[in-house]
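In what follows, a single structure is set out as structure tokens and then discussed.
The values are calculated or read from the model by the stated rules, or taken from the named source; none is laboratory data. This is a predicted model, so every value here is computed, not measured. Methodologically, a virtual Cβ is constructed for each residue, glycine included, from the backbone with ideal geometry; neighbour enumeration extends over all protein chains shown. These accessible areas exclude ligands, DNA and RNA; they are computed on the full protein's heavy atoms, side chains included. Shrake-Rupley method; radii C 1.70, N 1.55, O 1.52, S 1.80 Å.
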Amino acid sequence: MPDELDKRIEQALSSGQLLDAAAKNIRGLLAAAPSDLYSRVVEELVAGNEWAELNDRFYKRLEFGTGGLRGRTIGKIVTAVERGTAALEERPEFPCIGTNAMNFYNVSRATQGLVAYVQEWHAHNKIDNPLKIVIAHDTRFFSKEFTELAAKVASENGCHAWIFDGPRSTPELSFAVRHLNASVGVVITASHNPPHDNGYKVYFADGAQVVEPHASGVIEKVNAIASETYKPLPKDRQGAVTIIGHDVDEAYMERLETLIVDPTVVRAAKSLRIVFTPLHGTGSVTLKPMLKRLGFNFEIVAKQDRFDPRFPTVKSPNPENAEALQMGIALAQQKKSDLVIATDPDCDRLGVAVRSSTGTMKLISGNQIGSLLAYYRIKTLFDIGVLNKENARRAVIIKTFVTTDLQKVIAEHYGLRCVETLTGFKYFGAKLEKYERALPAGVRQKYRQLSEEETRTARLAHSSFYVFGSEESYGYSGADFVRDKDGNAGAIMFCEVVAYAKSRNQTVDQLLDEIFSMFGYFAEKNASLYFEGAEGAGKIARLLESYASAPPAEILGGKVTRITNFETETIRDVEGEEIPREKMSIFELEDRTRIAVRGSGTEPKIKYYIFAQRRPEKGKFSAEQLEKIKMEIDERLERLWDSIQRDVHARLAR
């Protein structure tokens, strides 16, 4: 490090402008830097007295957590050095320099550690198969470059690397890991985060995101690596880098086609009109050909059917947000369409708008989408004879604790198990792996080659048949050939639901009201409070700690009758398995209202989930009763959120 730069850093430390941890990480990064690029960036920020930016970039090393890496790849301030030869409106030439950023430094560290862990795992378990990693990427800034670097690092450390010829969805990566019998998989994505972010998400050989014991093992290996540089193995011990052919795309689409429960409903849906938007992401790669293959009549939002990491037509490429669907809704109004489907950039989430009974386009929530899918798929599997009273006990749906209880009520009505997990489809994947391992050895050995009908028969006979999985944050799954949430699958399944409603001369909101009338009105409000940077992380930690140490005794005049602390209590699911510990609390009130609070694993925010319900005492709700109950509960949800926000301010002020 140049003497003058070291002197300025020392002065900033003494004056309190620079955090101790930031100074330590700056010195560590520059000491092992492969070029002078890093020091020139730091010098520019120091010269500009951009201490807040330096603290954000360096106050920690970007943590490799259970979900991998996620962080800024473009800084809040882009230095002239990082800008390089790029014009102002273009992507910078170099990603954000810093230990707390998604960049070449951290991608190299992550890949070195991941490969080292897999090598150790294979040796310990006497697995003779050659190490193979599959890497996919989305359409974000630097995703292609990060993929190429990860493949290079993996191959030079003795692992064969398979990469796609262009952007692919996260669920296809999960599928490809299983289809190609890989040791591990990586997808370069930050899902629906803002354009300046990117990430690195890890999957194990089962095609699911890593859980224990692998999660801790990988994290330990990655976090022990301080440098992006390494000594490559001799050429004869290095792995090959292979471009994946389109046969994997086709194999994935063949499996997606099997998600249709009643093909006669889809074949008859000639009048169903659909609008699809991939929001500048990977959804167009698979979902466009799939909608054509299934015979659906659809239009695509042309301006959003372009790979563009800026996501220029939306404030946020998140299909949870109404704004992201506005162009799709406008096209639906023009074309008199029944349905708008939107997928996020890595196509693991799905949002929809439907033509309502009043003729307007109406957004429905992630909980409602999931409840419609759960109801239709369970009911139809009974109607066509796949499920019955005798085998229903072997069928299962999975949802998270912060997903609506309506899905549990529906499942239990039909005699199915409803397994609840912490947030994250990695826990769904762990359950699916458990169900696969419960099959006879002969079936397990050829399981991935069996057809969906054959695996379903085996699971109903010997294990558990996974019917559906859902989380409130717009993630859905309808089979176990993908071990993660799947926007392609969700869209296909939901198109069938809309086709079913249309075949009964119903709109989707009318079908949803029919479900509410039978099982009860369930409504939810999800909200988040954002706290960015080092200071924000401290506020989130303080809030979560306060809910554990000083939980509310009442909320909006309602007595808290039960508190579940997922960090300190031993909690088991319906199958008797212990739930991993997590900083989450759920408060239940006298009237079955529930409020859950947890930190986000991927964004700088604290999340609140408010659940209210009212069930019919006997029979069904009438249309008039249902409308009155909706108004009462929806108004209560808003008042509860106002009360929670006031309490947050009070807690932070203490």
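Brief remarks on what is shown
- Tally, over region 180-227, of residues that are of a type in the set (Ser, Thr, Tyr) and touching a Phe, Trp or Tyr at 6+ places or on another chain (Cβ under 9 Å): 4
- Qualifying residue in region 221-243 (condition: touching a strand residue (DSSP E or B) at 6+ places or on another chain (Cβ under 7 Å) and either acidic (Asp, Glu) or assigned to a loop (DSSP other than H, G, I, E, B) (or both)): yes
- Residues (open to solvent by 10 Å² or more (accessible area, probe 1.4 Å), polar (S, T, N, Q) and in contact (Cβ under 8 Å) with a residue 24 or more places away in the chain) located in region 384-417: Asn391
- Filtering Phe481, Phe516, Phe468 for residues that are of a type outside the set (Asp, Glu) and in a helix (DSSP H, G or I) leaves a single hit, Phe516.
- Test: residue in region 40-47 that is open to solvent by less than 40 Å² (accessible area, probe 1.4 Å), closer than 24 Å to Gly199 by Cα, part of a loop (DSSP other than H, G, I, E, B) and of a type outside the set (Lys, Arg): no
- From the list Gly538, Gly557, Gly576, the lone residue that is open to solvent by less than 60 Å² (accessible area, probe 1.4 Å) and more than 30 Å from Val396 (Cβ to Cβ) is Gly538.
The rows are residues; the columns are (1) crowded, with 23+ Cβ neighbours inside 10 Å; (2) in contact (Cβ under 8 Å) with a residue 24 or more places away in the chain; (3) in contact with a Leu (Cβ under 7 Å, 6 or more places away or on another chain).
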position	(1), (2), (3)
Leu88	no, no, no
Arg91	no, yes, no
Ala136	yes, yes, yes
Thr139	yes, yes, no
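- Subset tally (residues that are part of a strand (DSSP E or B), open to solvent by 40 Å² or more (accessible area, probe 1.4 Å) and either closer than 17 Å to Val597 by Cα or among the acidic types (Asp, Glu) (or both)) for region 560-573: 3
- So Lys502, is it of a type in the set (Lys, Arg), outside any helix (DSSP H, G or I) and at pLDDT 95 or above: no
- The set of residues from region 566-584 being at pLDDT below 95 and in contact with a helix residue (DSSP H, G or I) (Cβ under 9 Å, 6 or more places away or on another chain) comprises Glu567, Thr568, Pro580, Lys583, Met584.
- Residues within region 555-571 that are under 16 Å from Trp641 (Cβ atoms) and without any contact (Cβ under 8 Å) to a residue 40 or more places away in the chain, tallied: 2
- Any chance Glu514 is out of contact with any Phe, Trp or Tyr (no Cβ under 6 Å at 6 or more places or on another chain), open to solvent by 30 Å² or more (accessible area, probe 1.4 Å), of a type in the set (D, E, K, R) and at pLDDT below 95: no
- Residue in region 612-631 that is open to solvent by 20 Å² or more (accessible area, probe 1.4 Å), in a strand (DSSP E or B) and either farther than 15 Å from Ile555 by Cα or at pLDDT 95 or above (or both) present: yes
- From Val248, Val266, residue being part of a helix (DSSP H, G or I), modelled with pLDDT of 95 or more, open to solvent by less than 50 Å² (accessible area, probe 1.4 Å) and closer than 30 Å to Ala110 by Cα: Val248
- Of all the residues in region 8-25, those that are in a helix (DSSP H, G or I), within 38 Å of the chain's Cα centre (by Cα) and within 18 Å of Ala47 (Cβ to Cβ) number 2.
- Subset of region 191-225 [open to solvent by less than 10 Å² (accessible area, probe 1.4 Å), modelled with pLDDT of 95 or more and farther than 22 Å from Lys434 by Cα]: Asn198, Gly199, Tyr200
- If you filter region 314-346 down to residues that are small (Gly, Ala, Ser) and touching a strand residue (DSSP E or B) at 6+ places or on another chain (Cβ under 8 Å), you find that the one that is farthest from Pro194 (Cα to Cα) is Ser337.
- Of the helices (runs of 4 or more DSSP H) contained entirely in region 421-462, those carrying at least 1 residues that are surrounded by fewer than 15 Cβ atoms within 10 Å (Cβ to Cβ) and among the acidic types (Asp, Glu) fall at 452-462.
- Residues of region 269-293 that are in a helix (DSSP H, G or I) and crowded, with 19+ Cβ neighbours inside 10 Å: Gly283, Ser284, Val285, Thr286, Leu287, Met290, Leu291.
- So Arg651, is it buried (at least 18 other Cβ atoms within 10 Å of the Cβ) and at pLDDT below 95: no
- Scanning region 161-190 for residues that are of a type in the set (Val, Ile, Thr), in contact with a helix residue (DSSP H, G or I) (Cβ under 9 Å, 6 or more places away or on another chain) and either part of a loop (DSSP other than H, G, I, E, B) or open to solvent by less than 10 Å² (accessible area, probe 1.4 Å) (or both) returns Thr170, Val184, Val186, Val187, Ile188, Thr189.
- Inter-residue pairs, beta-carbon under 6 Å, first within 12 Å of Ala226 (Cβ to Cβ) and in region 16-35, second modelled with pLDDT of 95 or more and of a type outside the set (Phe, Trp, Tyr), 6+ apart: Asn25/Thr99; Leu29/Thr99
- Residue identified as β-branched (Val, Ile, Thr) and under 18 Å from Thr380 (Cβ atoms) among Val482, Val498: Val498
- Scanning region 61-116 for residues that are under 24 Å from the mean Cα position of the chain (by Cα) and basic (Lys, Arg) yields Arg61, Arg70, Arg72, Arg109.
- Verdict on Phe494 being open to solvent by less than 10 Å² (accessible area, probe 1.4 Å), at pLDDT 90 or above and either in a strand (DSSP E or B) or closer than 30 Å to Leu279 by Cα (or both): yes
- Residue count for region 334-355 satisfying the condition of being open to solvent by 10 Å² or more (accessible area, probe 1.4 Å) and either closer than 23 Å to Thr282 by Cα or among the polar types (S, T, N, Q) (or both): 2.
- Summed over region 48-60, the residues that are under 21 Å from Leu88 (Cα atoms) and either surrounded by 20 or more Cβ atoms within 10 Å (Cβ to Cβ) or under 33 Å from the mean Cα position of the chain (by Cα) (or both) give a count of 1.
- Test: residue in region 484-497 that is farther than 19 Å from Arg349 by Cβ and either within 27 Å of the chain's Cα centre (by Cα) or free of Cβ contacts under 8 Å to residues at least 24 places away in the same chain (or both): no
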